[in-house]
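*Asks:* Would you mind keeping the following structure in view while I ask a few things?
A short reminder: the numbers here are calculations on the coordinates, not readings from a lab. Treat the numbers as computed from the prediction; the structure is a model and nothing was measured. Glycine also receives a Cβ, built like all others from the backbone with ideal geometry; neighbour counts cover every protein chain displayed.
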Amino acid sequence: MSSCFIAASLKIVDFKPGEGDIVIAADYGYKRLSDLGIKPDYIVGDFDSLGYTPTGETTIVYPKEKDDTDTILAVDLGFEKGCREFFIFGAVGKRLDHTISNIQTLLYISERGGRGSLVGKKETLTVLKDGDIEFDKNFTGRISVFAVGTAKNVTLKGLKYELDDAEIKNSYPIGVSNEFIGEKASISVKNGILLIVYPTTKDRDMVRVKEFGG
């Protein structure tokens, strides 16, 4: 199944979709991709940030006054095209409200049965719902795990600070600033949702996700 690569408004690095993946530019993301010499499959948005409307059959124009963000519109299009895995670039930093909005977009993707990641230059954010995520032993640096609401049966293995079948809540940051220790690491939650922040890697195979019952 194809993955969906979405370009948002901030600077983009290491944007390298695979063969068969779908590339969508959200508003100013079109400029970011043009600077990299990448032609998107689709361009969506109200183009208030870009300042002009790209021409062509692959451009989908929306009114400026709308409930959906340009990134959400790109995600909806990705689902429409059959994607279930989303990599969103240029969506973290600069404006805190936009970053929070894009984190909520990860939850939106999860609710629809997909899996999303916000890929930054140094860090990647992803949401894990009732599942397990594994990290290759070659990962280094810090990893943080936050509950969205209350997350039950949370287990962390192969990290400096481990948990075993614990309950964590969004009212206390018990999972911030954990560390990789040169071992294969895993995080699982059997009942709830986790927001995970980990170092960005160019190799997608270094991160493996399994949804319980999926």
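*Asks:* Using a cut-off of 26 Å between alpha-carbon atoms, which lysines can reach K152, once sequence neighbours fewer than 8 places away in the same chain are excluded?
*Replies:* Here the lysines satisfying the reach criterion relative to K152 are K129, K137, K160, K169, K184, K190, K210.
*Asks:* Counting Lys and Arg as +1 and Asp and Glu as -1, each charge on the Cβ, what is the dipole of the chain about the Cα centre in debye, to the nearest 20?
*Replies:* 520
*Asks:* What percentages, rounded to whole numbers, describe P(r) for segment 132-193 computed over all alpha carbon pairs with 10 Å bin width beginning at zero?
*Replies:* 24, 57, 18, 0
*Asks:* Excluding same-chain pairs closer than 8 in sequence, count the lysine pairs in segment 1-121 whose Cα atoms lie under 16 Å apart.
*Replies:* Taking segment 1-121 as the scope, the lysine pair count is 7.
*Asks:* Name the residue, out of D21, D130, D203, whose mean-square fluctuation peaks in a Gaussian network model built on the chain with Cα pairs under 10 Å.
*Replies:* Evaluated over the chain, the most mobile residue of the options is D203.
*Asks:* Another question, if that's okay. For every helix of n ≥ 4 consecutive DSSP H residues, a contribution of -39,500 (n - 2.57) applies; sum these over the chain, divide by its total residues, and give [θ] at 222 nm rounded to the nearest 500 deg cm²/dmol.
*Replies:* Helix-only estimate at 222 nm: -5000 deg cm²/dmol.
*Asks:* In the chain, what is the volume of the convex hull around the alpha carbon atoms, normalised per residue and reported in Å³?
*Replies:* Hull volume normalised by residue count: 122 Å³.
*Asks:* Sticking with this one: Once phi is turned into θ = phi - 60°, what whole-Hz ³J(HN,Hα) does the Karplus curve with 6.51, -1.76 and 1.60 give for every residue of segment 96-110, x standing for Gly and Pro?
*Replies:* 4, 5, 5, 4, 4, 4, 6, 5, 4, 5, 4, 5, 4, 4, 4
*Asks:* Moving on. Which whole-Hz couplings ³J(HN,Hα) result when phi for each residue of segment 169-186 is put into the Karplus expression 6.51 cos²θ - 1.76 cosθ + 1.60, θ = phi - 60°, listed in order with x for Gly and Pro?
*Replies:* So the J values, rounded to whole Hz, are 10, 6, 8, 8, x, 5, x, 6, 6, 7, 9, 6, 10, x, 10, 5, 10, 9.
*Asks:* Something else: Under 5 Å between amide hydrogens, which residues at least 5 positions from T59 or on another chain qualify, with H placed 1.01 Å from N in the peptide plane?
*Replies:* Here I43 satisfy the definition.
*Asks:* Continuing with the same structure: Which of the GluC sites (Glu not before Pro) across segment 119-168 are loop residues per DSSP, with 16 or fewer other Cβ within 10 Å?
*Replies:* E162
*Asks:* Once you sort the root eigenvalues of the Cα gyration tensor of segment 1-121 as a ≥ b ≥ c, which label holds: rounded (a/c under 1.5), prolate (a/b larger than b/c) or oblate (the other case)?
*Replies:* Judged from the Cα gyration tensor, segment 1-121 comes out rounded (a/c under 1.5).
*Asks:* While we're on this one: Starting with the fewest neighbours, write out V176, V207 ranked by other beta-carbon atoms found within 10 Å of each beta-carbon.
*Replies:* Fewest-to-most ranking of V176, V207: V176, V207.
*Asks:* Let me ask something else about it. Pick from T55, T155, T124 the residue whose mean-square fluctuation is largest in a GNM of the chain, springs joining Cα atoms under 10 Å.
*Replies:* Evaluated over the chain, the most mobile residue of the options is T55.
*Asks:* May I ask you to evaluate 6.51 cos²θ - 1.76 cosθ + 1.60, the Karplus curve with θ = phi - 60°, for each residue of segment 151-168 and list the ³J(HN,Hα) values in order in whole Hz, giving x for glycine and proline?
*Replies:* 10, 10, 6, 9, 10, 10, 10, x, 10, 4, 10, 9, 10, 10, 6, 9, 10, 10
*Asks:* Another question about this same structure. Ranking F86, F47 by Cβ neighbours within 10 Å, fewest first, what do you get?
*Replies:* The fewest-first ordering by Cβ neighbours comes to F47, F86.
*Asks:* Highest GNM mean-square fluctuation, the chain, Cα pairs closer than 10 Å: which of D67, D165, D46?
*Replies:* D67
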